[in-house]
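Everything on this sheet refers to the single structure shown next.
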């Protein structure tokens, strides 16, 4: 009887952990999503709210973009680094 109570308690605890675990959200790395950041990256203008939101969403993709020669210059530019610091 004691074993059944312990098993039930562990089952409930496991169920609670699973329910409260944060879900991971996969990000589709699409540099076109950062089009709202083009002028701030090229000319140093203030980034829009949309730009900042997209940068946060695409943050897991930054390494991929840096490794791509087509995007590396934009991502590592002085203006892009200023945006990243803000």
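Nothing in this text is a laboratory measurement; each read-out follows from the coordinates by a stated rule. Predicted model only: the values in this text are computed from it and were never measured. With ideal geometry, Cβ positions are generated from the backbone for all residues, glycine too; neighbour counts draw on all protein chains shown.
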| query | Which of the residues spanning the stretch 48-67 are in contact (Cβ under 8 Å) with a residue 12 or more places away in the chain, farther than 16 Å from residue 27 by Cβ and exposed (fewer than 15 other Cβ atoms within 10 Å of the Cβ)? | reply | 48, 50
| task | Hey, can you tell me all the residues within the stretch 49-86 that are more than 15 Å from the chain's Cα centre (by Cα) and outside any helix (DSSP H, G or I)? | result | 68, 76, 77, 86
| request: Residue by residue through the stretch 31-47, note down the ones that are out of contact with any helix residue (DSSP H, G or I) (no Cβ under 6 Å at 6 or more places or on another chain) and free of Cβ contacts under 8 Å to residues at least 24 places away in the same chain. | output: 32, 35, 38, 39, 46
